[in-house]
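In what follows, a single structure is set out as structure tokens and then discussed.
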Amino acid sequence: MPELPEVETMRRGLEKIVGLRIHSVSFPAAKRLRSLLFKPSPQRLKTRLLSLVITGIRRIGKRIVIDFNSDESLVIEPRMTGLLLLANSPSPEHNRVEICFDDSSIHPLIYWDRRGLGTVQLLSVHTMSILFNSNRIGPDALLITAEDLQCRLGRSRRPVKVALLDQRGLSGIGNIYASEILFRAQIHPRAPCNRLLPQAWGRLHESIQSVLREAIQLKGSTLSDATYRTPQNRSGGFQFHHRVYGKQGTSCFVCGNPIERFVQAQRATFACPTCQNMRFLRKL
DNA sequence: CGTTCAACCTGGGCGC
DNA sequence: TGCGCCCAGGTTGAAC
């Protein structure tokens, strides 16, 4: 679920908890936990977090990082169905962590995760510097320059959609936004990176910026299963602006021809085969 | 270097 | 109603 716009919406919604002291930590869905979810164990997590003061909320790609008055930070990776809430949860049986604050007028922070594929880790500054090294996680999609984008992806023979999903190249783009970005740039998802013309890199960079910014403004995409919610437990609005994602068989907004669905790297890709042709490709 | 598959999980939707 | 499939915003590691 959460890609850059959804995680950025979470970050913004959590800014109001900066300055608060942690009063208690609990794990309501303890019976449903898989072992990989927490590092360290829930018990150790509880004792290490108790009475720390939150000093900042950051986003690294699709992760939320909560900083404290200590040399460790809480790193939350929501993966498919993870959410951070400062409001009542859609289904309390999926609340994985609840953090209460000294100021009891603030709603507890809840980490909610229906499928439970996400992770919650307390990491030292040193460990984070290794984990979030630029070889493992590329520049943020909102900050990367057009030149850097071409420089980092342009030599690869992989299809451009597959490259956009690889967080080592640039970070934050996921399956929904990759299809939407390529549609607006009118670039075919199967186009090999190393055959894209210079003008294509400019179009792609421009499309990344405009799609992500518009999606953040609308607080992300809530699909029909309504899994994604903002920290205030509200739906996002960008799903109404999707042009291709989940729209196979419907008419293209631009040319009216049917949108296609196909699979790349085990993920569904959506595209208009007419608008997204191979005209931005260098001939072999 | 690039691709494919399986695994980690829950739950909604569909055909029969 | 119920069963068996398929599908889903992500990531990782192994195998070819």
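Among the residues making up the range A:163-220, those that are hydrophobic (A, V, I, L, M, F, W, C), more than 26 Å from A:PHE132 (Cα to Cα) and part of a helix (DSSP H, G or I) are A:LEU182, A:PHE183, A:ALA185, A:ALA200. The combined condition, being aliphatic (A, V, I, L, M), out of contact with any His (no Cβ under 9 Å at 6 or more places or on another chain) and either in a loop (DSSP other than H, G, I, E, B) or surrounded by 20 or more Cβ atoms within 10 Å (Cβ to Cβ) (or both), is fulfilled by A:LEU117. If you go through the range A:65-91 and keep only what is away from DNA strand C (no atom under 16 Å from the Cβ), outside any strand (DSSP E or B) and within 19 Å of A:LEU45 (Cα to Cα), you end up with A:ASN69, A:SER70, A:ASP71.
If you check A:ARG168, A:ARG195, A:ARG158, A:ARG203 for being within 23 Å of A:VAL263 (Cα to Cα) and in contact with a helix residue (DSSP H, G or I) (Cβ under 8 Å, 6 or more places away or on another chain), only one passes: A:ARG158. Within the range A:92-114, the residues that satisfy the criterion of being buried (at least 16 other Cβ atoms within 10 Å of the Cβ) and either in the same structural domain as A:ALA163 (by TED's automatic domain parsing) or more than 16 Å from DNA strand C (Cβ to nearest atom) (or both) are A:ASN95, A:VAL97, A:GLU98, A:ILE99, A:CYS100, A:PHE101, A:HIS107, A:PRO108, A:LEU109, A:ILE110. Could you list, in sequence order, the residues of the range A:92-123 that are polar (S, T, N, Q), within 19 Å of A:LYS46 (Cα to Cα) and either within 15 Å of DNA strand B (Cβ to nearest atom) or modelled with pLDDT of 95 or more (or both)? Passing the criteria: A:ASN95, A:THR119, A:GLN121. Among the criteria (1) closer than 16 Å to A:THR230 by Cα; (2) surrounded by 18 or more Cβ atoms within 10 Å (Cβ to Cβ), the one A:LEU37 does not fulfil is (1). Residues that are touching a residue at least 40 places away in the same chain (Cβ under 8 Å), aliphatic (A, V, I, L, M) and either closer than 21 Å to A:SER224 by Cβ or assigned to a strand (DSSP E or B) (or both) within the range A:241-268 comprise A:VAL244, A:ALA268, listed in sequence order.
Do you know which of the residues in the range A:120-146 that are under 27 Å from A:ALA215 (Cβ atoms) and outside any loop (DSSP other than H, G, I, E, B) is farthest from DNA strand C (Cβ to nearest atom)? So the residue we want is A:ALA146. From the list A:ARG282, A:ARG234, A:ARG267, the one residue that fits, being within 15 Å of DNA strand C (Cβ to nearest atom), basic (Lys, Arg), touching a helix residue (DSSP H, G or I) at 6+ places or on another chain (Cβ under 8 Å) and not assigned by TED's automatic domain parsing to the domain that holds A:TYR111, is A:ARG267.
Residues in the range A:192-201 that are within 14 Å of DNA strand B (Cβ to nearest atom) and buried (at least 20 other Cβ atoms within 10 Å of the Cβ): A:CYS193, A:LEU196. Scanning the range A:54-73 for residues that are of a type outside the set (Asp, Glu), in contact with a Leu (Cβ under 7 Å, 6 or more places away or on another chain) and more than 19 Å from A:GLY172 (Cα to Cα) yields a total of 5.
The values are calculated or read from the model by the stated rules, or taken from the named source; none is laboratory data. Since the structure is predicted, the reported quantities are computational estimates derived from the model, not experimental observations. Glycine also receives a Cβ, built like all others from the backbone with ideal geometry; neighbour counts cover every protein chain displayed.
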